[in-house]
Amino acid sequence: MTTPAADNDTTTAASLAVDLAGLKLANPMMTASGTCGYAYEYAGLADLARLGAFVTKSITSQPRQGNEPQRIVETRAGMLNAIGLANIGLDAFMAEKLPDLRRLRDSGPRIIVNVAGHSLDEYVTTAGRIASEDIVDAIELNVSCPNVGDGLTFGTDPQLLKDLVRQVRGAMRKDCKLIVKLSPNVGDVTQTAGAAVEGGADVLSMINTYTAMAIDINKKRPRLANGTGGLSGPAIRPLAVYLVSMVYRHVAKPAGVPIVGMGGIQYWQDAVEFLLAGATGLAVGTALFVDPATPITVMDGLRGYLVKQGCSSITDVIGQLQIGGDTPRTPYP
Amino acid sequence: MIDAGTQDSESNATPGTHHRARFDAVVRFNRQVCREHYILRLALPGGFPATRPGQFVQLGCRPPDGAIDLDRLLCREHKWESGRGVVIEQQELCGSSAFLRRPFSLAGRGDDASGTWIDVIHRVVGVGTGWLAGLKEDDKVDLIGPLGNWFSLPRGKSIGLLVGGGVGLPPMFYLAQTLAQARWAAVGFVGATTADLLAVTFVEGVVPDQDGAVAQSVVQFAQLGYGAVVTTDDGSLGLRGRITDGLVRYLQSQSPEDAQQTVVFTCGPEAMMHAVADLAGRCGVACQVCLEQAMACGMGTCQSCVVRIGHDQDDSHGVAEDGRAWRYRLACSDGPIFEAQQVVW
């Protein structure tokens, strides 16, 4: 395994190693849930062994067939999806997918399983059982999938979210980290972020997709069969960077809770914005559909940036956004 | 029968998911074949994995990342050209460009002295295909493939009826090449709403028959010795009517022995394929369809391109009006080719 070591090589270049509340990653690059399947769907197109962590698609207690098609539509610089959490369900996941994840973990990346649910009990049972597997380094809680009615409630109500996080945390193996994935579809994301931290979240990931709609102007109907969907891709990157910076300053930094930033990362420059805003981990989602190797090319670009900046570690950049004072003037693009 | 492609007993160099990769293709030519349709030939200097008719590729329908210096551009160093002012080349600031890849069926493939090439036929319907239309010789195109399963040539069959409507024609051209190598008999059924939307080349001096008789009128079939039946909805060329109007005449004229030997292969708009599949079913003729559904990745990850396929086990996803149980399958990785009788339309 020469490559993962090279990704954390401190002798020739800046270190990319990051620490997510005690979960050590060789580098910050991760897949965003739902864009990289269960493990090896992109075999041959992406060297998953070089990732810092792999995040599975959302797992629910029962199999879910998902929404009727049409499930996706491209919008300018983005994509709207209403997949409906289609997944094979907890039992099949444990039986069929864990061996692949074990193999993947042996090759380098840490394993994070995303869990979704429709009731508190379902979250607790599903997360607890998955977290009992020693290869699962962290659970990421999907409390913000905008496609399934009840999911939105947990992610938007601070009190409900706090209770949910507390109960899930209590049901999990102690050294398995709990990541709470925040929804941007709230008035004040620092409220829900704070609730997740109070409930016992080890890490915050942000952001999930923005609830949105595209309309077929001839049929005068939504272009997705589901009506609404979640907007992702480069179109939402400035929105996501803003929310990360808000949560970092007002919640995460004071509480010492790391953030996994995501939302439209396609180039390394995008990733640097998230780091400066306060993200420790970086997840690539929609861009994987265009090029499954995106996290690797982003990582290589990050390395170059750090060297140019004279940094010995990527941690030198995290949260270094300067606000106030002289704003650098750049030509309006 | 199960999924086409996976049970192809005559395969030797069987394509599989482990062969797919990302390639930097080079445009050999990009010719307009009719209104809105172009045939794009892409050279693959490093070679290309084994492919079969029915498989597809995902084309990046915008300048490949390597074609512009993003590092320079995103750091806001602009190029000044005398008389033009600042030249903004940063893609996300240059107006809209296609973000996701677009899937295209292979319309042909060749491995000759100059290397490997593949053909795709595209119709300009938006920003991505608009970009494709502007491609010129030696331009670069970012491509992932080959993807999906393929049409199967079942043992015991030897007559192929290739029914392609509109943008469903391309895989039929590639299939015709393969059928010719396998020494099958074949007839092409070619349809469009109107004559100038037929993405085919016509044999000079041979006029498609107005009554739907088979003629050596379409170059893509005639060069392999195969005849064709041309239909247009408005009667501007060939038989006036739907593609099934030509197909039904042919099927009714077949001997029972020939019908036994026949497979209908079809690709086109869903309503057309549904009608073709029903017709083949009524005539007792085997039929394989090439399905399409909006997709992002093309590799089974995004779970977007679901189609309803008959499923008689207890983990079905629903029951159709006719009582058939179905389960969602992915057009990209379980398909795009399915046995027509399995499809729950």
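Every number here is computed from the coordinates shown, using simple stated rules; none is lab data. Remember, it's a predicted structure, so these values are computed and weren't measured experimentally. Note: ideal-geometry Cβ built from the backbone for every residue, glycine included; neighbour counts use all protein chains shown.
For the residues of A:69-82, the average number of beta carbons from a partner chain within 10 Å of their own beta carbon is 5. Of the peptides A:258-265, A:121-128, the order by per-residue mean of other Cβ atoms within 10 Å, starting with the highest, comes out as A:258-265, A:121-128. In the elastic network of chain B, a GNM with C-alpha springs shorter than 10 Å, the most mobile of B:Gly205, B:Gly115, B:Gly300 is B:Gly205. Considering only Cα atoms, the convex hull volume of chain B works out to 170 Å³ per residue. A Cβ-based charge dipole, computed about the Cα centre of the protein assembly as shown with Lys and Arg at +1 and Asp and Glu at -1, lands at about 680 debye. Region B:105-154 and region B:156-230 have Cα centres lying 20 Å from one another.
A dipole drawn for region A:101-193 from +1 and -1 charges on Cβ atoms has a positive end, and of A:Asn142, A:Ile111, A:Gln167 the residue lying farthest that way is A:Ile111. Compactness of the protein assembly as shown, taken as the C-alpha radius of gyration over 2.2 N^0.38 Å, stands at 1.02.
Annotation: the residues B:His122, B:His274, sorted from fewest to most other C-beta atoms within 10 Å of their own C-beta, follow the order B:His274, B:His122. Note on A:Ala21 and B:Gln223: their simple-model spin labels are 6.3 nm apart, each label 7 Å out from Cα toward Cβ.
As a quick test, which of the pairs A:Lys24/A:Lys162; A:Lys308/B:Lys140; A:Lys162/A:Lys253; A:Lys181/A:Lys220; A:Lys57/A:Lys97 have an alpha carbon distance above 23 angstrom in this structure? Those over the limit are A:Lys24/A:Lys162; A:Lys308/B:Lys140; A:Lys181/A:Lys220. Here the average projected area of the convex hull drawn through the C-alpha atoms of region A:18-323 stands at 14.8 nm². The Cα trace of region A:217-258 gives Rg and Dmax of 16.9, 51 Å, the first to one decimal, the second as a whole number. Between B:Ala271 and B:Arg35, the contour length at 0.36 nm per residue exceeds the Cα-Cα span by 82.7 nm. Net charge dipole, region A:18-323: roughly 300 debye, given to the nearest 20, about the Cα centre with Cβ charges of +1 for Lys and Arg and -1 for Asp and Glu.
Only Cα pairs under 8 Å and 6+ residues apart enter the sum, and on that basis the relative contact order of chain B stands at 18 percent. Scanning residues 5 or more positions from A:His118 or on other chains, those with amide H under 5 Å from its amide H are A:Tyr123, with H placed 1.01 Å from N in the peptide plane.
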